[in-house]
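Note sheet for the following structure.
The values are calculated or read from the model by the stated rules, or taken from the named source; none is laboratory data. Source: prediction; values computed, not measured. No Cβ is skipped: glycine too gets one built from the backbone with ideal geometry, and neighbour counts run over all protein chains shown. What goes into the accessible areas is simple: the full protein's heavy atoms, side chains included, and nothing from ligands, DNA or RNA. Shrake-Rupley method; radii C 1.70, N 1.55, O 1.52, S 1.80 Å.
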Amino acid sequence: MIGFPGLSEIYEYRHALSAAVMHWERYGMIFSKFVGGFSFGYLAISRRSSRYLIGSALIFISDYMLSGQRSSLVFIVIVILSYLWFVSMRRRFKISDLLLGLSGLTISLGLASFLLGRISPYVIGIYDRAFHVSVGLFVRYLEQVEEVGLYWGGDGLLGEIFGGNGQDYRIVIGRNYFGPNVSANADLVSDAYINFGVGGPFFVFLILRLLISRRDSKFFLHNREAALVFIIPYMFALFSMGLQTALVTGALAVALLIMKITSIRQEHGISGHTPSRLKTY
């Protein structure tokens, strides 16, 4: 099953993987990817050693080769840039310089492709994923509710609690609007809406807010290199998963747990202006 799929083949890879593994195994792979890949990234930053990046890269590349998840390729870039920033560049540049440089590079590549008259499908794909996919999926979820009504959790755990209709709405929408073997995963807003209607997104955001405390804010302020590696990937997860899936399968709950059980002591460390040392019990 291992290969290196192109953009047009990723859904076939995902379908093949789903057919070859049990339901819980597939979710276990996603959980392990998030926890393991970014733990290696944090080890590389905290120990100032790029060799730990090899472990992170192997995890994400293997995930892409098995499941065709494009986000895994993005996560490799995030981990490497995080390492370069905190280990090599932070004392010479501000975070605003980094963001400005990345924005300028993106715009330059887009303009160059347009002026040359040969726009790369990868450029189009990145633009489409960033600006169109999330909005387009919400429209499909909205249409599905208008046609068949709310799913009340579908075929998952929430469906058992609230008496859902027993269907996986991601598969239904993927098949109806995009083709066979497509799972139309959407962000937490769309996911909450198709299950519980207009009040769903408000309830989901309330739960997410209750999960985050001042303790987590303090951890972020004193350990930004750890928070960056642990938290930014879960922001991506919330753009493509419901809250329940992001917390359990996407391991967002693990990241929140790490922030809540890690003690913070003011010492000279790797956090720059607000140094600290981590001690996890």
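Of the residues making up the range 168-207, just one is open to solvent by 20 Å² or more (accessible area, probe 1.4 Å), of a type in the set (Gly, Ala, Ser) and over 20 Å from PHE236 (Cβ atoms), namely GLY199. Of all the numbered requirements in (1) of a type outside the set (Gly, Ala, Ser); (2) under 29 Å from ILE171 (Cα atoms); (3) modelled with pLDDT of 80 or more; (4) assigned to a helix (DSSP H, G or I), LEU58 misses one, and that requirement is (2). Among the residues of the range 4-17, at least one is among the β-branched types (Val, Ile, Thr) and either modelled with pLDDT under 80 or outside any helix (DSSP H, G or I) (or both). Identify, please: which residue in the range 49-93 is under 21 Å from ILE231 (Cα atoms) and charged (D, E, K, R) and is, among those, most open to solvent (accessible area, probe 1.4 Å)? By that ranking, first place goes to ARG70. In this structure, LEU66 does not qualify as modelled with pLDDT of 80 or more, in the same structural domain as TRP85 (by the TED database), more than 18 Å from the chain's Cα centre (by Cα) and part of a helix (DSSP H, G or I). For residues in the range 31-41 being open to solvent by 40 Å² or more (accessible area, probe 1.4 Å) and touching a residue at least 60 places away in the same chain (Cβ under 8 Å), which is farthest from PRO233 (Cα to Cα)? Once the filter is applied, the top-ranked residue is PHE31. Residues of the range 137-167 that are open to solvent by less than 40 Å² (accessible area, probe 1.4 Å) and modelled with pLDDT of 80 or more: LEU137, TYR141, GLN144, VAL145, GLY149, TYR151. Filtering the range 199-253 to residues that are basic (Lys, Arg) and within 20 Å of the chain's Cα centre (by Cα) leaves ARG209, ARG224.
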